[in-house]
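Taking it in order: structure first as structure tokens, then the write-up.
The values are calculated or read from the model by the stated rules, or taken from the named source; none is laboratory data. Since the structure is predicted, the reported quantities are computational estimates derived from the model, not experimental observations. Glycine also receives a Cβ, built like all others from the backbone with ideal geometry; neighbour counts cover every protein chain displayed.
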Amino acid sequence: MNDADRGPWDDVPRGLGLVLDEDRGALPYTLVHGEALVACAAWALGEAGVDLVDASVPWSGLVEAGEDLVLHDALCPMAPPAFITACLERARETGRPVVGVRPVTDTVKVVADGVVGETLDRDGLLAIASPLVLPAAVVASLARRPSADLARAVGDLVAAGHQVETVEAPPEGRRVATDEDVRLLEALTLPLR
């Protein structure tokens, strides 16, 4: 290979990526722009320069690979590849896990003993989006694969003593929870003509 054939990823380990679709019902197979959400998420990882790994690979195999790991939620299918790359680069720079988040825009109330109480300040809340990037050293420190629920995975990392950095995901990186959310995401990501 000569220098003209070299790409931007040839000198940098690409990292490994898993698309998380388990425990999400049929929604990951809903179509956005004519493609399944899970396929869009996989393509985003590939475009970000990450090597997609089959979910059947055991955790020990991922640890032995000695690479950074990108967990990408199939319900955040339109997260831009450049955003995924930026999260991966940030995790490599700091050695800390990095997770994409979105601001909370809904009103959130405290409920205690079945009684609705005070409204929480949204400025102090974040919604976990995608990806969650684990540097290779963090991967090596974990006894098992993180939860497929990224909010739970982040909580587990914090409980284990890891400092997790948050990076605000762009609007198209939002997580969908319903078919209506998918239609909204589709409208948000229509290509410009």
TODO: Could you run through the stretch 31-89 and say how many residues are free of Cβ contacts under 8 Å to residues at least 12 places away in the same chain and of a type in the set (Val, Ile, Thr)?
DONE: 1
- [ ] Any chance you could count how many residues in the stretch 36-60 are more than 20 Å from Arg145 (Cα to Cα) and part of a helix (DSSP H, G or I)?
- [x] 7
Task: Matching residues in the stretch 123-144 - criterion: being under 12 Å from the mean Cα position of the chain (by Cα) and among the acidic types (Asp, Glu) - done: none
TODO: Tally the residues that are under 21 Å from Leu52 (Cβ atoms) and more than 13 Å from the chain's Cα centre (by Cα), restricting the search to the stretch 145-178.
DONE: 1
TODO: Only residues that are among the charged types (D, E, K, R) and in contact with a Lys or Arg (Cβ under 9 Å, 6 or more places away or on another chain): list them for the stretch 20-76, please.
DONE: Asp51, Glu67, Asp68, Asp73
Open item on the list: Please verify whether Glu93 is acidic (Asp, Glu) and over 29 Å from Pro171 (Cβ atoms), treating the condition exactly as stated.
Closed with: no
Task: Matching option when the condition is touching a helix residue (DSSP H, G or I) at 6+ places or on another chain (Cβ under 8 Å), at pLDDT 95 or above and of a type in the set (Gly, Ala, Ser), among Ala26, Ala44 - done: Ala44
TODO: Would you check if Val38 is modelled with pLDDT of 95 or more, surrounded by 14 or more Cβ atoms within 10 Å (Cβ to Cβ) and either under 29 Å from Glu93 (Cβ atoms) or among the hydroxyl-bearing types (Ser, Thr, Tyr) (or both)?
DONE: no
Open item on the list: Every residue in the stretch 50-68 that is under 18 Å from Val98 (Cα atoms) and loosely packed, with under 15 Cβ neighbours inside 10 Å, please.
Closed with: Gly66
